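First up is the structure itself, then whatever we jot down about it.
The values are calculated or read from the model by the stated rules, or taken from the named source; none is laboratory data. Just so it is clear, the model here is predicted, and its values are computed rather than measured. Cβ atoms come from the backbone with ideal geometry, glycine included; neighbour counts cover every protein chain shown.
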Amino acid sequence: MSEGSGPRSGASRPQERTGPLTGSLVVGFDASPASTRAARLALELARGGRVRLWLVFAHRVDPRLAEPRTEEEVITPVRGAAKAMEALLREADEARIPAEAVVREGDPATVILQVAAEVEARMILVGTRGLGSAARVLLGSVSSRLVADARVPVTVVP
């Protein structure tokens, strides 16, 4: 190799993944079909590795609701997701994959990023609701915000 060509001594190279995956995987979960597919992909990635799976459900409270909120107003958004999360946690347990559910009130992208930082996640997985570009501009997109703001890889599952 001539001088000046090829990799330089000490130059950083991308790390190649060898062996089983380790660390924490965070899944943004809202019980939608796409988030369920993201959770199942996380389960597959976790098999055979030393991985802890974190299922994160964040719900926004309608600001138009007057305080104080009733218990029913707080619990209702969580019920459907909780049931689906329980099934996924059982699946993880059967596969001997450590898994936990996190339910918090707040903006979903913000909550997912907070949990990812807290658990030092290696990766975030989320489903996409399939919003078109016009709807994404008007409504915002959790997956778009995660891709833009996360400090770890983000996998968006259709």
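Tabulated data
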quantity	calculated
Set Pro153, Pro108: member being in contact with a His (Cβ under 9 Å, 6 or more places away or on another chain) and at pLDDT 85 or above	Pro108
Which listed residue is assigned to a strand (DSSP E or B), at pLDDT 95 or above and either under 26 Å from Pro153 (Cα atoms) or not small (Gly, Ala, Ser) (or both), from Val103, Val56	Val56
Qualifying residue in region 69-90 (condition: assigned to a loop (DSSP other than H, G, I, E, B), modelled with pLDDT under 85 and over 17 Å from Arg40 (Cβ atoms))	yes
Residue pairs meeting the criteria (Cβ under 7 Å; at least 6 apart or on separate chains; first closer than 22 Å to Lys83 by Cα and aromatic (Phe, Trp, Tyr), in region 12-40; second at pLDDT 85 or above and outside any loop (DSSP other than H, G, I, E, B))	Phe29/Ser35; Phe29/Ala39; Phe29/Leu55; Phe29/Val56; Phe29/Phe57; Phe29/Ala81; Phe29/Met85
